[in-house]
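Values quoted throughout were computed directly from the atomic coordinates according to the rules given, and no laboratory measurement underlies them. Values in this document were obtained by computation on a predicted structure and should not be read as measured data. Note that we place each Cβ from the backbone using ideal geometry, even for glycine, and neighbour counts take in every protein chain shown.
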Amino acid sequence: MSEINKKFKLKYLDGLRGYAFLMVLFSHISNERGLLFSGYGQMGVWIFFVLSAYLLTHYFVYKKEAINNPKEWINYYFRRILRIYPLFIVYLITAHFCYNFSYRDIFNIAILNKGNGGVFWTIFVEFRYYILLPFIILVWSQIKNYWWILIGSFIFMVLYLYKFPFWQDQNS
């Protein structure tokens, strides 16, 4: 881990991420076996999303010189893709053999063109945030009155959720 990443890593939040992961895992197990944790997965996903958004944004907010450095943004995208995409592709290949996904479905899911109504919806939400974050940070860094950021963020969130309701099936 580089010195910069060590400096901006918030170790105490790793435990919370682990807790959110366990909530999702136990919820999925409970859904198949009718155990106590059924339904807790949604809360775990929300915790994970909020925490991930905070941690990704934290670096650029506190290291202001990184905002205008194209190398930082290239590094950011490269790290995001390498962290998620290889395992995602391995899962898709496994799904092809285990669940008879067609090659066309695998391709469309791999290029983030469509979901299958299953667990893939989270990948689409994550990558949308990864794509939007640099633009949000760049705009945020130019605004001096933070009330406009709060109002603009709220309006953007409402419009985004109206256009892309994450609680509905991605195929609808």
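Some points to look at:
- Note on the range 19-79: Rg/Rh from Cα positions, Kirkwood definition for Rh, rounded to two decimals, is 1.26.
- Length added when fully stretched, N145-M157, from 0.36 nm per residue minus Cα-Cα: 2.4 nm
- Inter-probe distance in nm under a simple model that places probes 7 Å from Cα toward Cβ, at Y77 and I106: 2.7
- Close Lys pairs in the range 12-151 (alpha-carbon distance under 29 Å; sequence gap of 8 or more, or different chains): 4.
- Histogram of C-alpha separations across the range 56-149, 10 Å bin width, %: 14, 39, 24, 17, 6, 1
- Difference of contour (0.36 nm per residue) and Cα-Cα distance, I131 to H58: 24.7 nm
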